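The values are calculated or read from the model by the stated rules, or taken from the named source; none is laboratory data. A quick note: this is a predicted structure, and the numbers were derived from the prediction, not measured. Cβ placement follows ideal geometry from the backbone for every residue including glycine, while neighbour counts extend to all protein chains displayed. Heavy atoms of the whole protein, side chains included, go into the accessibility calculation; ligands, DNA and RNA do not. Shrake-Rupley method; radii C 1.70, N 1.55, O 1.52, S 1.80 Å.
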Amino acid sequence: MKPFLWFISRSGFPILVLMKLGKLSFLRYLFLFSLIAPTSYLFPQEDPHDRPKRLEILIPESVKDGPWSDDPNEFKDIDLLGDFSEGNSKQALERTEGYFSAALDGFKKVSDSIKSKREKEEGKVLDSERFPWQRKTRLENAERLWNRELTRARLDSVKNLSLAMKNLDKIANPNIRKSESFLELQAGIYREFIKHQYALKNFNQSAEFLEKYISLDPKFNDEAEPHRILSHCYERLYLSAKKSGHPEGMEYYKDRRKKHGILYAEKAYGRNSYEFKKVLELFARD
C-alpha cells in the first residue's frame with residue numbers, strides 16, 4: 001500500500017503526519033512541509049505580543065539623559081544684559097544667576113562625591129565579610145547615608161532656586177524680559193526646581209511648576225518629558241485623593257493624568273505609532 005499524508009493544524013500551525021510510511025525519503029517530507037508551512041513560520045517576524053503593554057513601561061518614571069534626567073547640570077553664565085544697564089534689573093539678574101549657579105554647582109558637587117564614595121565602597125573586599133549578606137548589608141547602610149546626604153543637597157538646591165525665582169520676578173526691564181536668554185534662564189530654573197521637587201515626592205509643587213513651565217512658551221509645551229512627569233504627578237495625587245476620600249479631586253487628577261499621558265505618548269512616539277495607540281487603549285480601559 002502506498003504511504004499517504006494527513007495534515008492537521010494546532011493554533012494555526014500546520015503539522016504534517018505521515019501515515020503508513022513507506023520509502024518516501026526525508027528530503028521529500030521536508031519539501032512537502034515547506035510547501036504547506038506559512039512563510040511566517042519559516043522566517044519569523046517581530047511578534048507584536050512582545051511589545052510593551054503596560055503604562056509604566058510606555059510612560060516611564062525617569063529618563064537616563066537629557067535636561068530632564070537626574071544628572072546634575074553645570075551652570076553656564078548667560079550674558080543677558082547686553083546693552084541694558086538699568087540698575088535694579090541688573091542687580092536682580094546678577095542675584096538670580098548667583099542663586100541658580102549655587103543650586104546647580106552645589107548639587108553637582110554632592111552628587112559627584114556620592115558617586116565616588118559608592119564606587120570605592122563597592123570596590124572594597126573585606127576579610128570580615130565571609131558571607132554575601134554581610135557585603136549587601138554594608139552597601140545598603142552606606143546607601144541610606146548617601147540618600148540622606150543627597151536629600152539635604154536637594155533641599156539646599158530648592159532653597160537657592162526659590163531665591164533665584166524671587167529675584168527673577170524683580171527684573172522689570174521689558175527688553176530683558178522679552179529676550180530669548182531670559183526665557184531660557186527662567187525655564188532652566190523651573191526645570192531644576194521641578195526635578196528636585198519630584199525627587200523629593202512633592203508632587204503638588206512639581207505639577208504646579210510643570211504647568212507653569214509648559215505655559216512659558218509653545219516650544220516647552222511641545223517637549224515630551226514635562227507631560228511624562230505631569231502624568232506621574234497626577235497619578236500620585238489621584239491616589240492620594242482616593243485614599244483620603246475626595247471624589248472630586250480623584251476625577252480632576254484622573255483626567256489630568258490621562259491628558260498628559262496621552263500628550264507624552266503623542267510627542268514621544270508619534271500619533272501613528274503602536275505605543276501611542278496602546279496608551280489610548282489602556283487609558284480607555286481605566
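Observations on the structure shown:
- Pairs with Cβ under 9 Å, 6+ apart, first in segment 195-215 and among the β-branched types (Val, Ile, Thr), second open to solvent by less than 30 Å² (accessible area, probe 1.4 Å): 214/220; 214/226; 214/227; 214/230
- Every residue from segment 247-265 that is under 18 Å from residue 210 (Cα atoms) and of a type in the set (D, E, K, R): 254, 255, 256, 257, 258, 259
- All conditions but one from (1) open to solvent by 40 Å² or more (accessible area, probe 1.4 Å); (2) within 20 Å of residue 101 (Cα to Cα) apply to residue 218; the one that does not is (2).
- When the residues of segment 109-123 are filtered to those that are touching a Pro at 6+ places or on another chain (Cβ under 9 Å) and open to solvent by 50 Å² or more (accessible area, probe 1.4 Å), the one that is nearest to residue 140 (Cα to Cα) is 112.
- In segment 168-180, residue farthest from residue 225 (Cα to Cα) [restricted to those that are open to solvent by less than 60 Å² (accessible area, probe 1.4 Å) and either without any contact (Cβ under 8 Å) to a residue 12 or more places away in the chain or of a type in the set (S, T, N, Q) (or both)]: 173
- Among the candidates 126, 183, residue that is of a type outside the set (Val, Ile, Thr), open to solvent by less than 70 Å² (accessible area, probe 1.4 Å) and assigned to a helix (DSSP H, G or I): 183
- In segment 151-167 there is at least one residue that is within 30 Å of residue 89 (Cβ to Cβ), open to solvent by 100 Å² or more (accessible area, probe 1.4 Å) and part of a helix (DSSP H, G or I).
- Members of segment 216-240 found to be in contact (Cβ under 8 Å) with a residue 40 or more places away in the chain and in a loop (DSSP other than H, G, I, E, B), listed by number: 222, 223, 224
- Candidates 259, 243, filtered to the one that is assigned to a helix (DSSP H, G or I), exposed (fewer than 13 other Cβ atoms within 10 Å of the Cβ) and either at negative phi or touching a residue at least 40 places away in the same chain (Cβ under 8 Å) (or both): 243
- Members of segment 228-240 that are of a type in the set (A, V, I, L, M) and surrounded by 17 or more Cβ atoms within 10 Å (Cβ to Cβ): 229, 230, 237
- So residue 138, is it farther than 28 Å from residue 90 by Cα and either open to solvent by less than 50 Å² (accessible area, probe 1.4 Å) or in contact (Cβ under 8 Å) with a residue 40 or more places away in the chain (or both): yes
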